[in-house]
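Visitor: Mind having a look at this structure? Questions to follow.
The values are calculated or read from the model by the stated rules, or taken from the named source; none is laboratory data. Worth saying up front: this structure is predicted, and the values here are computed from it rather than measured. So basically every Cβ, Gly included, is an ideal-geometry build from the backbone, and we count neighbours across all protein chains shown. Note: areas computed on protein heavy atoms with side chains; ligands, DNA, RNA excluded. Shrake-Rupley method; radii C 1.70, N 1.55, O 1.52, S 1.80 Å.
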Amino acid sequence: DQTDSLLAFGCLHAACNTTDMKYFRDELPKIMLARDADILCGAGDFIEGLKHDLMLRGSIYGSRKYPFNYTNQEKLAAYLVSEVLTTVFRARWNPKLAKKLGLEASILKALVLFLYIAGNHCERVAPLGFDSLSMFGVQLRRLVVENVIAVLAAAKIYHPNVAQLVDSRIIALDQNEPYRLPSGLTLAMLHPYMSRTK
């Protein structure tokens, strides 16, 4: 028997000045740890985007000198998600467990499985000729790898395949694409693509 314990969120809208990004960064890891959740699901809209003159209307953080364009919004979203994944990893990884399970197995056990899909705000880059969340995916993996290596280094431990282990725990899915969870159950995520709904 295996239980899947997951936490799901949608519409992070990174860089929007009405999003409580500090709450996301600081409180989500606490919720995951309190509920022993080992899967995090992001159901789209990681960025706010720029459509509808959001920057000019003052809905987005940034300035002319440092605009929160699509690239910077994806980097910000990656930072926020990486902090959640890394905080949980720091709390769960234990050098004693590494001796018992083996180093690779202990790293995988402490790493959260992160599944995500794009939403309509993420896909606003497509008409401009860019892949949705491409910067997000690259930046997220880089940050998590750096943080995991730092945690291991503090314990004077080195593993040559940290990047591959992290990569195996960060999965980009398409809308409604089935994903088989560790328990054998299948999960799929949908983003509603509906503005101003309650």
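Visitor: Considering region 16-25 alone, what residues qualify as being in a helix (DSSP H, G or I) and touching a residue at least 24 places away in the same chain (Cβ under 8 Å)?
Guide: The answer is MET21, PHE24, ARG25.
Visitor: Just a yes or no: is a residue in region 98-105 at pLDDT below 95, open to solvent by 60 Å² or more (accessible area, probe 1.4 Å) and not in a helix (DSSP H, G or I)?
Guide: no
Condition check ((1) small (Gly, Ala, Ser); (2) modelled with pLDDT of 95 or more; (3) part of a helix (DSSP H, G or I); (4) touching a Lys or Arg at 6+ places or on another chain (Cβ under 8 Å)) across all residues:
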{"residue": "VAL88", "(1), (2), (3), (4)": "no, yes, yes, no"}
{"residue": "LEU108", "(1), (2), (3), (4)": "no, yes, yes, yes"}
{"residue": "ILE157", "(1), (2), (3), (4)": "no, no, no, no"}
{"residue": "LEU165", "(1), (2), (3), (4)": "no, yes, yes, no"}
{"residue": "GLU177", "(1), (2), (3), (4)": "no, yes, no, no"}
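Visitor: Follow-up. Suppose we filter region 153-176 for residues that are touching a residue at least 40 places away in the same chain (Cβ under 8 Å) and either surrounded by 12 or more Cβ atoms within 10 Å (Cβ to Cβ) or among the acidic types (Asp, Glu) (or both); how many remain? Full working, then the answer.
Guide: Of all residues in region 153-176, those touching a residue at least 40 places away in the same chain (Cβ under 8 Å) come to 155, 157, 159, 161-162, 165-166, 168-175.
Of the ones still in play, those that are also either surrounded by 12 or more Cβ atoms within 10 Å (Cβ to Cβ) or among the acidic types (Asp, Glu) (or both) are 157, 159, 161-162, 165-166, 168-175.
Of the residues in that region, 14 qualify.
Visitor: If you take the residues in region 59-86 that are of a type in the set (A, V, I, L, M, F, W, C) and over 26 Å from LEU165 (Cα atoms), which one is modelled with the highest pLDDT?
Guide: Of the residues in region 59-86, the ones of a type in the set (A, V, I, L, M, F, W, C) are 60, 68, 76-78, 80-81, 84-85.
Adding the requirement that they be over 26 Å from LEU165 (Cα atoms) leaves 60, 68.
Numbers: ILE60: 72, PHE68: 80.
This residue is PHE68.
Visitor: Exactly one of these conditions fails for LEU185: (1) in contact with a strand residue (DSSP E or B) (Cβ under 7 Å, 6 or more places away or on another chain); (2) among the hydrophobic types (A, V, I, L, M, F, W, C); (3) under 30 Å from GLN2 (Cα atoms); (4) touching a residue at least 60 places away in the same chain (Cβ under 8 Å). Give me its number.
Guide: In the conditions (1) in contact with a strand residue (DSSP E or B) (Cβ under 7 Å, 6 or more places away or on another chain); (2) among the hydrophobic types (A, V, I, L, M, F, W, C); (3) under 30 Å from GLN2 (Cα atoms); (4) touching a residue at least 60 places away in the same chain (Cβ under 8 Å), LEU185 misses (1) alone.
Visitor: So, in region 126-152, how many residues would count as being modelled with pLDDT under 95, in contact with a Ser or Thr (Cβ under 6 Å, 6 or more places away or on another chain) and open to solvent by less than 30 Å² (accessible area, probe 1.4 Å)?
Guide: Qualifying residue count, region 126-152: 0.
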